[in-house]
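J.: Structure below; questions to follow.
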Amino acid sequence: MTNLKADAAVSSNVVWHLQSISAVQRSEANGHKSAVLWYTGLSGSGKSTVANAVDQKLFERGCHTYVLDGDNVRHGLNGDLTFSDKDRVENIRRIGEVSKLFVDSGLLVSTAFISPFASDRKMVRDQLPADKFVEVFIDTPIEICEQRDPKGLYKKARNGEIKNFTGIDSAYDIPESPEVHLKTANKSIEACADEVVAKLVELGLID
């Protein structure tokens, strides 16, 4: 009789291959430590804008960085996923795995995703060393997000044209203890970016 469980374990014969160069060596060569800067917040909150502003500042400091943007990733790697709760979980799982590879390569990688579920953010955090995950909560009131609405998504969601839209008919779990909490309503992008960079210095990730 066929062992269905064994057949389903398609990765049973895969062995992790150790790299010749360690993550520590790569970080030393780069002149800074590696980590994930995990930006989370509602659609239109400014995640990508702040992440890119921080990335620019880090680049100017000579840091090796990359930004994984939610929309960009859905053009390729996660292009097969919908916005159902199940697919949102898979979306974050994949990004978590990709982020781990970036960290191993010695980079400071920023991820700009709504990532609405606390359990998913915790899943990614738990997969990394304690000092390798920096949660950045882009705390923007939904009223302001709707006023901005750069993609017209809130309007469509209110009209019932988009289902499972975070903040409208899908939940968003507010981070309880993020490393960085940015209240953007009365703060400039520049000030937000400076606050993130200052936190990275405080954490000893960069000089």
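J.: Skipping prolines and chain starts, which residues have an amide H placed within reach, meaning under 5 Å, of the one on L68, given they are 5 or more residues away or on another chain?
T.: Amide H neighbours of L68: S110, T111, A112.
J.: Here is a follow-up. If you roll a 1.4 Å probe over the heavy atoms of the protein chains, what accessible area per residue do you get for the range 46-94, in Å²?
T.: Numbers: 2680 Å² over 49 residues.
Dividing the accessible area of the range 46-94 by its residue count gives 55 Å².
J.: I'd like the carbon and sulfur percentage of the solvent accessible area for the chain, probe radius 1.4 Å, heavy atoms only, ligands and nucleic acids excluded. Could the numbers behind the result be given before it?
T.: Numbers: 6180 of 11610 Å².
That share works out to 53 percent.
J.: Let me ask you something else. Arrange the peptides 133-146, 75-88, 57-70 so that the one whose residues have, on average, the most other Cβ atoms within 10 Å appears first. Intermediate results must be reported in sequence, preceding the final value.
T.: Values: 133-146: 19.4, 75-88: 12.8, 57-70: 16.6.
Order by mean packing, descending: 133-146, 57-70, 75-88.
J.: Convex hull over the alpha-carbon atoms of the range 129-181: what's its volume per residue in Å³? All intermediate terms of the calculation are to be shown ahead of the outcome.
T.: Values: hull volume 5.7 nm³, N = 53.
With only Cα atoms used, the range 129-181 gives 107 Å³ per residue.
J.: Please report, in debye to the nearest 20, how large the charge dipole of the range 43-128 is about its Cα centre when each Lys and Arg carries +1 at its beta carbon and each Asp and Glu carries -1 there.
T.: On the way: 12 positive and 12 negative charges, 46 e Å.
Dipole about the Cα centre, nearest 20: 220 debye.
J.: Quote the charge dipole size of the range 81-207 about the Cα centre in Debye, to the nearest 20; the model charges only the Cβ of Lys and Arg (+1) and of Asp and Glu (-1). The partial results should precede the final answer.
T.: Numbers: 18 positive and 23 negative charges, 101 e Å.
Approximately 480 debye in magnitude.
J.: Still on this structure, please answer the following. Counting only Cα, what are the radius of gyration and maximum Cα-Cα distance Dmax of the range 87-207, in Å?
T.: That works out to 15.8, 49 Å for Rg and Dmax.
J.: Could you quote the convex hull projected area for the range 1-141, Cα atoms only and averaged over all directions, in nm²?
T.: Details: hull surface 43.3 nm².
The directionally averaged projection comes out at 10.8 nm².
J.: Over all distinct alpha-carbon pairs, what is the Kirkwood Rh of the range 65-143 in angstrom? It would help to have the intermediate numbers written out before the result.
T.: Details: mean 1/r = 0.0756 Å⁻¹.
That comes to 13.2 Å for the range 65-143.
The values are calculated or read from the model by the stated rules, or taken from the named source; none is laboratory data. Everything numeric in this text was worked out from a predicted model, so none of it was measured. Using ideal geometry, Cβ is built from the backbone for each residue, glycine included, and neighbour counts are taken over all protein chains shown. Remember, those area values only see protein heavy atoms, side chains included, never the ligands or the DNA or RNA. Shrake-Rupley method; radii C 1.70, N 1.55, O 1.52, S 1.80 Å.
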